[in-house]
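Here is the structure we will look at, set down as structure tokens.
The values are calculated or read from the model by the stated rules, or taken from the named source; none is laboratory data. These figures come from a predicted structure and were not determined experimentally. Using ideal geometry, Cβ is built from the backbone for each residue, glycine included, and neighbour counts are taken over all protein chains shown. Remember, those area values only see protein heavy atoms, side chains included, never the ligands or the DNA or RNA. Shrake-Rupley method; radii C 1.70, N 1.55, O 1.52, S 1.80 Å.
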Amino acid sequence: MGQVDEKIEGMYQEVLKRNPGETEFHQAVLEVLESLGPVVAKHPEFLERKIIQRICEPERQIIFRVPWQNDKGEVQINRGFRVEFNSALGPYKGGLRFHPSVYLGIIKFLGFEQCFKNSLTGLPIGGGKGGSDFDPKGKSDDEVMRFCQSFMTELYRHIGEHTDVPAGDIGVGGREIGYMFGQYKRITNRYEPGVLTGKGLTWGGSLVRTEATGYGATFFVNEMLKARKDSFDGKICTVSGSGNVAIYTIEKIHQLGGKCVACSDSNGVIYDEKGLDLDLIKQLKEVERRRIQDYTATHKHAKYIAKGNIWDIPCQVAMPSATQNEINGKDAATLVKNGCIAVGEGANMPTTPEGVKVFLDAKIAYGPGKAANAGGVATSALEMQQNAGRDSWTFEYTEKKLEDIMINIHSNCYETAEEFGAPGNYVLGANICGFIKIANAMVAHGLV
Ligand code: NDP
Ligand code: 2IT
């Protein structure tokens, strides 16, 4: 990718030294620092106040034991995390990830990205992230409940509507948020809906939160296409993953006139030339919690490619919506060669630095995660607003707010990229625009 300005290079070396082995965190930091050269040239006060060094150091990192019992009565031990990264703009806000790959480096990369993403939403939220190396796959409902209760038995003392407000991410959806909310309420004896977002609709949840990340990412891509006098109409699209973000990305692509032909999970890829049957995917994934392979049981014309690579399938719009580093340099080159003109990241950091370089060099419309997937957390902030006002808004009203927020994020990133001499570079636009707002607030708050 680009290069780190000489005034900033030493700060990156310090991050490497202070956080050994946390490769995803290093990657996320480097990508932001590479954008900041022109910012410190204009704002010497950011250097003088050591804003970048402070932003790279989380305000608080909590690591805890999570003991629980499986259905056989055997004792299990997992590790829990909450990294409270930056509260310059509001209470720490960000999801919880339950996945066996989780360790401190993953939570820190997600927490770091979250700060800039939340800043881009224009809403009053700081950045944080948490989770556990617990693997929900193959666990019974009771096991998931016992795990969530044990996790919250430690987490409850660190969170609150004005302090830190967790939500979902990989492996954490409505079911898990319900178990955690129940335990929080029981321990604290407080009905405090604003302490978690992604809640059920009858107990403080917001309409559109379930759909928000996927819908928002698709709105963002729609804006990038519009900026190039183009649209989703008739576009062949592929969406990796088949979880929350993937499902509602596919839904909005279809509503906007695109045709989504492939999705995936960690075992393989479904290719349906006729366009994916989203009702079936929702039934398989949201209701029955099955694998995407089962799509072909009723849809014999579709192909299941075990261990396949979704980025080998030709498309005009690609929306990675599974996990980090799922598009490498070779995948990016394949996409571009096959005629891909837009990439919108529903997942966090799904493209490796080599892949990002390919997209930027090819000058395709590339929307990085911290801008493109900000609709999820933005709608979480709308859920917090409704909770604070003891209110609940209609679907149409909330979706319109989400769309306006995404249009705004797009134009801010677009204009910032132009202002800093890199028109069309949404990576630079998002990093600079997200950073400046946090940095100004930190200067105003003094040395804290
Ligand atoms: P889900 O748990 O609902 O779905 C995750 C999907 O990604 C599943 O299909 C899963 O397949 C696949 N996946 C997960 N890990 C891997 C892996 N290591 N290799 C291959 N496939 C994998 O999570 P979400 O849809 O909520 O999250 C998807 C992405 O979107 C993540 O990067 C998350 O951080 C990001 N995101 C989520 C937001 C939200 O509001 N939920 C907001 C903003 C970003 P399998 O079942 O086989 O594991
Ligand atoms: O990565 C993300 O932005 C999320 N997982 C959503 C966070 C939130 O607080 O809604």
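Remarks
- Sole residue being over 19 Å from Gly168 (Cβ atoms), open to solvent by less than 40 Å² (accessible area, probe 1.4 Å) and modelled with pLDDT of 95 or more, chosen from Gly376, Gly434, Gly389: Gly434
- The listed residue being at pLDDT 95 or above, acidic (Asp, Glu) and out of contact with any Leu (no Cβ under 8 Å at 6 or more places or on another chain), out of Asp164, Asp169: Asp164
- Residue match in the range 134-153 (condition: over 30 Å from Glu288 (Cβ atoms), among the aromatic types (Phe, Trp, Tyr) and not in a strand (DSSP E or B)): no
- If the condition is being on the phi > 0 side of the Ramachandran plot and within 16 Å of ligand 2 (Cβ to nearest atom), then the range 203-230 contributes Gly204, Val208.
- Scanning the range 168-202 for residues that are within 11 Å of ligand 2 (Cβ to nearest atom) and surrounded by fewer than 19 Cβ atoms within 10 Å (Cβ to Cβ) returns a single hit, Gly173.
- Every condition in (1) charged (D, E, K, R); (2) farther than 24 Å from Glu74 by Cα; (3) without any contact (Cβ under 8 Å) to a residue 40 or more places away in the chain; (4) part of a helix (DSSP H, G or I) is met by Arg175 except one, and the failing one is (2).
- In the range 336-360, the residues that are more than 15 Å from Glu24 (Cβ to Cβ) reach residues that are of a type in the set (Lys, Arg) and open to solvent by 10 Å² or more (accessible area, probe 1.4 Å) with C-beta atoms within less than 8 angstrom, at least six apart or across chains, in these pairs: Ile341/Arg228.
- Matching residues in the range 241-261 - criterion: being within 16 Å of ligand 2 (Cβ to nearest atom) and either among the aliphatic types (A, V, I, L, M) or open to solvent by less than 30 Å² (accessible area, probe 1.4 Å) (or both): Gly241, Val245, Ala246, Ile247, Tyr248, Thr249
- The lone exception for Ile292 - which of (1) closer than 30 Å to Asp230 by Cα; (2) open to solvent by less than 30 Å² (accessible area, probe 1.4 Å); (3) of a type in the set (Val, Ile, Thr) it fails: (1)
- Residue selected from the range 307-352 under the condition open to solvent by 40 Å² or more (accessible area, probe 1.4 Å) and either modelled with pLDDT under 95 or more than 24 Å from His254 (Cβ to Cβ) (or both), by the criterion farthest from ligand 2 (Cβ to nearest atom): Lys337
- In the range 1-114, counting only strands (runs of 3 or more DSSP E) that sit wholly within it, the ones holding 2 or more residues that are loosely packed, with under 15 Cβ neighbours inside 10 Å span 60-69, 75-86.
- Selection over the range 125-167 of residues that are over 19 Å from Lys108 (Cβ atoms) and either open to solvent by less than 40 Å² (accessible area, probe 1.4 Å) or in contact with a Cys (Cβ under 8 Å, 6 or more places away or on another chain) (or both) gives a count of 9.
- Picking from residues in the range 203-213 that are open to solvent by less than 30 Å² (accessible area, probe 1.4 Å) and among the hydrophobic types (A, V, I, L, M, F, W, C), the one that is nearest to Glu59 (Cα to Cα) is Ala212.
- Screening His254 with (1) without any contact (Cβ under 8 Å) to a residue 60 or more places away in the chain; (2) under 23 Å from Asn325 (Cα atoms) gives one miss only, at (2).
- For Leu16: the one exception among (1) more than 16 Å from ligand 2 (Cβ to nearest atom); (2) out of contact with any Lys or Arg (no Cβ under 7 Å at 6 or more places or on another chain); (3) of a type in the set (A, V, I, L, M, F, W, C); (4) touching a residue at least 24 places away in the same chain (Cβ under 8 Å): (4)
- Filter result (over 23 Å from Ile63 (Cα atoms) and hydroxyl-bearing (Ser, Thr, Tyr)) within the range 129-149: Ser140
- Entry remark, the range 322-364: residues being touching a Pro at 6+ places or on another chain (Cβ under 8 Å) and not hydrophobic (A, V, I, L, M, F, W, C) number 10 in total.
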